[in-house]
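The values are calculated or read from the model by the stated rules, or taken from the named source; none is laboratory data. For clarity, every value in this text was computed on a predicted model and none was experimentally measured. Heads up, the Cβs are rebuilt from the backbone with ideal geometry, glycines too, and the neighbour counts pull from every protein chain shown.
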Ligand SMILES: [Zn+2]
């Protein structure tokens, strides 16, 4: 029996997963989002980017983060966290 894998793309990173992770670089733990080329996760604080390694595994170690804008102020960033609906009680 051969198992056919139809998808040739690496694991997709889900939005809720990224929000749950939060940025390890800022105290506010702003949610992360994929950049346009989908090879990095960018923090909503605008300060850090985290490279995504082979297999789609994001590298969330702060020592591996790319400092995008050292003048970004995470404390001034207001992040609208989308209510994900569903069965939150
Ligand atoms: Zn951050």
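What tally of residues in region 52-66 results from selecting those that are in a strand (DSSP E or B) and either touching a residue at least 40 places away in the same chain (Cβ under 8 Å) or surrounded by fewer than 11 Cβ atoms within 10 Å (Cβ to Cβ) (or both)? Residues that pass the stated criteria total 1.
Restricting region 22-41 to residues that are closer than 18 Å to residue 55 by Cα and surrounded by fewer than 20 Cβ atoms within 10 Å (Cβ to Cβ) leaves a set whose member that is nearest to the ligand (Cβ to nearest atom) is 33. The number of residues in region 27-53 being over 10 Å from the mean Cα position of the chain (by Cα) and closer than 13 Å to residue 79 by Cα comes to 4. Listed by first and then second residue, the pairs linking a residue in region 24-36 that is at pLDDT 90 or above to a residue that is surrounded by fewer than 14 Cβ atoms within 10 Å (Cβ to Cβ), with Cβ atoms under 6 Å apart and 6 or more places separating them unless they lie on different chains, are 24/62; 25/62.
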